[in-house]
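Worksheet: one structure, shown below.
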Amino acid sequence: MNGRGDVNLKTEKQTFVIGTLYSLGAYILWGLLPIYWKWLEHVPAGEILAHRIVWSFVFVIAIIYLTKKSTAFRQQLIDFWEYPKRIVPVLIAGVLISCNWFIYIWAVNHNQIVEASLGYYINPLLSVLLGVIVLREKLSNWQVAALVLAGIGVSILTFQHGEVPWLSIALALSFALYGLVKKLITLDSVFSLAIETTLVLPIALFYIANLQGQETSSFLTLSTSTTILLICTGVATALPLLFFAEGLQRISLSLNGFFQYLAPTISLVLAVFIYQEPFTTVQLISFMFIWLGLILFTISNTHFVKASEKKPVNV
């Protein structure tokens, strides 16, 4: 192998390692996020969400200027101003991710981390289902089997509780729809998050101002640590998203898809072993069906299975 080939191989390896570290960092941070929301469990979920939107906006705008992308960002804003119809999907994305954030914060602070982690296990499979329904994508036999197994797992939980696990489904559906809208937007991830938070920012600011006016705000009125934690919600939100975007540029989508199961797994471990949430035998059986579905889904994306599949299944 010539010198240039050695250099290219070394560069590719470095890119892969850096991308892997970025992606692992993103999912580990997302998995540990319940700890952060537990530190703020004395603050209402709505107020946490409002601050999360405000400080995410501040943090992302700071990142844009520090990375010298402000000119490109201003051009994106001009494009949106010239073509107002492009704002609609971004606004929908902002509303969806805000709903997802609120549900997750509420779940963590009401001791529902196990059910929240279930939602993020279901999410990849629900995203596949949306791809079939909305984008007319096709499923392989393995992927159909994965969806059936996940459906059995959710059905077991429904039968046990006597009602549908709406919290898990709401989390999974809101994030899956968010991913679908983001796929249609095709914007730079940092710019997209900045514009999404910009569009919902007035609502968040109004809500915070209303709390301040009623003297029921936790910001600047409780402890210094509470105020600092509320400000840092922007970093806690945007940092893993930025890590995720950097990692996705350097590693394959299939490897990134495998890593995404780290976050709900870490959250589930925290819920059961740290926060002592109940995890019954029925829940374990249900999760096993879903885990098996995820394993099949992951295997279905390998080159070996894709090559062996003779004919996709239309759903």
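The values are calculated or read from the model by the stated rules, or taken from the named source; none is laboratory data. Please read all numbers here as calculations on a predicted model, not as lab measurements. When we count neighbours, we look across all protein chains shown, and the Cβ atoms used for this are built from the backbone with ideal geometry, even at glycine. Just the protein is used for accessible areas: all its heavy atoms, side chains included, with ligands, DNA and RNA removed. Shrake-Rupley method; radii C 1.70, N 1.55, O 1.52, S 1.80 Å.
Counting the residues of segment 219-251 that are of a type outside the set (A, V, I, L, M) and touching a helix residue (DSSP H, G or I) at 6+ places or on another chain (Cβ under 6 Å) gives 10.
When Val190 is tested against (1) within 24 Å of Leu239 (Cβ to Cβ); (2) open to solvent by 70 Å² or more (accessible area, probe 1.4 Å), exactly one condition is not met: (2).
So, in segment 224-249, how many residues would count as being over 19 Å from the mean Cα position of the chain (by Cα) and either open to solvent by less than 50 Å² (accessible area, probe 1.4 Å) or modelled with pLDDT under 90 (or both)?
4
Being among the aliphatic types (A, V, I, L, M) and surrounded by fewer than 15 Cβ atoms within 10 Å (Cβ to Cβ) is the filter; apply it to segment 128-151 and report the residue that is nearest to Pro278 (Cα to Cα). Per the stated criteria, the residue is Val148.
Leu91 - would you say it is crowded, with 19+ Cβ neighbours inside 10 Å and assigned to a helix (DSSP H, G or I)? So Leu91 does not fit the description; no.
Quick check on my filter: what residues within segment 111-139 are in contact with a helix residue (DSSP H, G or I) (Cβ under 7 Å, 6 or more places away or on another chain), under 30 Å from His42 (Cα atoms) and outside any helix (DSSP H, G or I)?
First, pick out the residues of segment 111-139 that are in contact with a helix residue (DSSP H, G or I) (Cβ under 7 Å, 6 or more places away or on another chain): 112-130, 134, 137, 139.
Next cut, under 30 Å from His42 (Cα atoms) only: 112-123.
Scanning segment 111-139 gives a single hit, Gln112.
Annotation for segment 1-15: no member residue is surrounded by 12 or more Cβ atoms within 10 Å (Cβ to Cβ), among the hydrophobic types (A, V, I, L, M, F, W, C) and part of a helix (DSSP H, G or I). Among residues of segment 46-62 that are of a type in the set (Ser, Thr, Tyr), those with a Cβ under 6 angstrom from a residue that is buried (at least 21 other Cβ atoms within 10 Å of the Cβ), sequence gap 6+ or separate chain, pair up as Ser56/Thr197; Ser56/Gly234; Ser56/Thr237; Ser56/Ala238.
Considering Thr216, Thr158, which residue is without any contact (Cβ under 8 Å) to a residue 60 or more places away in the chain, of a type in the set (S, T, N, Q) and open to solvent by 60 Å² or more (accessible area, probe 1.4 Å)? Give the derivation first.
Working: Thr158 fails: open to solvent by 60 Å² or more (accessible area, probe 1.4 Å).
Result: Thr216 is the single residue among Thr216, Thr158 that is without any contact (Cβ under 8 Å) to a residue 60 or more places away in the chain, of a type in the set (S, T, N, Q) and open to solvent by 60 Å² or more (accessible area, probe 1.4 Å).
Open to solvent by less than 40 Å² (accessible area, probe 1.4 Å) and at pLDDT below 75 - does that describe any residue in segment 251-263? Checked against the condition, which is being open to solvent by less than 40 Å² (accessible area, probe 1.4 Å) and at pLDDT below 75, segment 251-263 yields at least one hit. Here the condition is being in a helix (DSSP H, G or I) and touching a residue at least 60 places away in the same chain (Cβ under 8 Å); of Trp81, Trp37, it holds for Trp37 alone.
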